[in-house]
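Novice: Below you'll find the structure I mean.
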Amino acid sequence: MDLSDAEKIVIIGGGQAAAQACASLRLFGFEGAITLVADEPALPYQRPPLSKAYMKGDMSEERLYFRPAAWYQDNNIETMLSTRAVSVDRAAQTVFLQDDRALPYDALILSTGSRPRALPLPGADLKNVFALRDLADVEQIRPNMVAGKRLVIVGAGYIGLEAAAVARQLGLDVTVLEMEARVLARVTSPVMSTFFEREHRAQGVNIRTNTRLASLTGNGKVTAAVLSDGTEIAADIVLVGIGILPNEDLASAAGIACANGILADRDARTSDPLVFAAGDCARRPLVHYGRQGRLESVHNAIEQGKLAAAAIMGKPRPNEDCPWFWSDQYDLKLQIAGLSESYDESVVRGDPDTRKFAVFYLRGGKLIAVDAINSAPEFLASKKLIIAGTSLAPEQLKDTSLSMKEIAAAAA
């Protein structure tokens with residue numbers, strides 16, 4: 001459905017997908033009105049550095065922004081910040097705001113993002129118990145990131161481990177609590193989990209796996225984390241990182257199909273042909289894997305912002321890349337290509353003790369993902385091989401005398 005004759009486009013959200021949709025719409029020649037509605041006071045900004053360079057103080061707030069205010073002005077994009085959209089009337093093609101203002105649209109892009117899962121335990125509402133999702137969270141956390149303070153992190157996913165790395169570099173005493181048997185259990189292999197546990201322990205992080213948190217205690221302000229076995233761990237700060245939930249409520253209330261995310265097709269179009277969904281909030285076809293899923297990544301936000309804009313403007317569908325992600329912890333650069341879920345074989349290339357290696361994930365002999373530690377060639381080559389659906393011999397991948405370029409050429 002070509003909406004290139006649209007005159008008014010409303011974008012709800014203030015993250016990467018929203019910023020990309022704005023830029024792509026203008027790039028593809030849209031000359032009508034674009035209104036961006038975001039409930040935060042800041043212009044669209046990067047989220048990944050919040051748990052890395054920005055939290056550590058190595059990155060200024062200005063560098064977080066995708067575009068300066070002047071860019072939005074120059075491109076005739078109205079930004080309505082600190083403004084919450086409360087409902088969508090699809091029949092009237094209108095978005096209603098918290099102050100009762102109404103925004104008519106010809107096309108609507110929902111890039112509403114996600115929110116942290118709340119800790120469902122006593123004491124979760126104590127002072128100095130934080131989530132880490134937006135600028136406001138970091139502004140509250142950073143004054144407490146002081147050498148000697150005791151930080152307890154609930155959840156050993158990427159956000160938790162990245163925050164642990166920053167905190168140790170700043171001199172805090174850090175304990176990470178994880179209910180699973182290993183860190184990163186939901187997203188990677190035992191080899192990678194063992195590697196990161198070892199690295200964090202070497203840096204002085206107290207990692208407790210197979211550990212269940214029962215409650216947080218304190219007199220108005222958190223003072224301890226209480227485990228299910230009664231053990232108390234002293235805490236000046238608690239950071240909760242137990243996953244996120246897609247912000248699909250606005251879409252669901254409007255009758256748009258949702259299922260752990262707003263359902264979208266390959267063009268980011270929802271069950272309403274005038275409404276698109278992009279970013280963390282969207283559940284999309286994963287074309288290289290033959291299934292649907294949500295991707296919480298920079299790659300996904302950029303790609304879906306482009307897809308939505310192209311569909312609105314009747315342009316050819318942009319290429320759909322292999323999913324990619326990254327994590328910075330200490331001096332380690334983890335680069336991930338593809339989705340390792342459902343792999344049936346893993347192959348280690350290089351020696352983890354050297355802190356430069358890669359783990360390849362195969363299913364039925366075909367490469368579906370790679371985790372590369374300080375190994376950019378393995379990451380870059382794997383992206384292309386995954387898209388091509390390439391079958392690879394494990395012994396070939398293990399052979400470090402062969403470059404990734406040579407391995408890719410032999411598999412072509």
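The values are calculated or read from the model by the stated rules, or taken from the named source; none is laboratory data. The model shown is predicted, which means the values in this text are computed figures rather than measured ones. Heads up, the Cβs are rebuilt from the backbone with ideal geometry, glycines too, and the neighbour counts pull from every protein chain shown.
Novice: Go through segment 353-390 and give me each residue that's farther than 15 Å from residue 405 by Cβ and either surrounded by fewer than 18 Cβ atoms within 10 Å (Cβ to Cβ) or among the basic types (Lys, Arg) (or both).
Specialist: 353, 354, 355, 356, 363, 364, 365, 366, 374, 387, 389
Novice: Can you name the residue in segment 354-378 that is in contact with a helix residue (DSSP H, G or I) (Cβ under 6 Å, 6 or more places away or on another chain) and not hydrophobic (A, V, I, L, M, F, W, C) and is also nearest to residue 194 (Cα to Cα) among such residues? Quick ask: steps written out before the conclusion?
Specialist: Of the residues in segment 354-378, the ones in contact with a helix residue (DSSP H, G or I) (Cβ under 6 Å, 6 or more places away or on another chain) are 358-360, 367, 370-372, 377-378.
Okay, now just the ones that are also not hydrophobic (A, V, I, L, M, F, W, C), so 371, 377-378.
Working: 371: 13, 377: 23, 378: 20 Å.
Here the residue is 371.
Novice: So, in segment 222-231, of the ones that are surrounded by 12 or more Cβ atoms within 10 Å (Cβ to Cβ) and in contact (Cβ under 8 Å) with a residue 12 or more places away in the chain, which residue ends up farthest from residue 123 (Cα to Cα)?
Specialist: Residues of segment 222-231 surrounded by 12 or more Cβ atoms within 10 Å (Cβ to Cβ): 222-227, 231.
Filter once more, keeping what is in contact (Cβ under 8 Å) with a residue 12 or more places away in the chain: 222-223, 225-227.
On the way: 222: 8, 223: 10, 225: 9, 226: 10, 227: 13 Å.
Per the stated criteria, the residue is 227.
Novice: Right, residue 214: farther than 19 Å from residue 371 by Cα and either surrounded by 14 or more Cβ atoms within 10 Å (Cβ to Cβ) or touching a residue at least 60 places away in the same chain (Cβ under 8 Å) (or both) or not? Break it down stepwise before answering.
Specialist: Values: farther than 19 Å from residue 371 by Cα: yes; either surrounded by 14 or more Cβ atoms within 10 Å (Cβ to Cβ) or touching a residue at least 60 places away in the same chain (Cβ under 8 Å) (or both): yes.
Yes: the conditions hold for residue 214.
Novice: Being more than 18 Å from the chain's Cα centre (by Cα) and either modelled with pLDDT under 95 or surrounded by fewer than 16 Cβ atoms within 10 Å (Cβ to Cβ) (or both), is that true of even one residue in segment 150-164?
Specialist: No, segment 150-164 contains no residue that is more than 18 Å from the chain's Cα centre (by Cα) and either modelled with pLDDT under 95 or surrounded by fewer than 16 Cβ atoms within 10 Å (Cβ to Cβ) (or both).
Novice: Scan segment 264-276 for residues that are on the phi < 0 side of the Ramachandran plot and touching a Lys or Arg at 6+ places or on another chain (Cβ under 8 Å) and jot them down. Full working, then the answer.
Specialist: Filtering segment 264-276 for residues on the phi < 0 side of the Ramachandran plot gives 264-267, 269-276.
Of everything in segment 264-276, those that are on the phi < 0 side of the Ramachandran plot and touching a Lys or Arg at 6+ places or on another chain (Cβ under 8 Å) turn out to be 264, 265, 266, 267, 272, 274, 275, 276.
Novice: Residue under question is residue 191, and the condition is that it be under 23 Å from the mean Cα position of the chain (by Cα) and among the hydrophobic types (A, V, I, L, M, F, W, C); does it hold? Step through it out loud before you land on a result.
Specialist: Numbers: under 23 Å from the mean Cα position of the chain (by Cα): yes; among the hydrophobic types (A, V, I, L, M, F, W, C): yes.
Criteria met by residue 191.
Novice: Need a quick list: strands (runs of 3 or more DSSP E) entirely within segment 200-244 having at least 1 residues that are closer than 16 Å to residue 118 by Cα and touching a helix residue (DSSP H, G or I) at 6+ places or on another chain (Cβ under 6 Å).
Specialist: On the way: elements: 206-208, 213-218, 222-227, 232-234, 237-240.
Per the criteria, 237-240.
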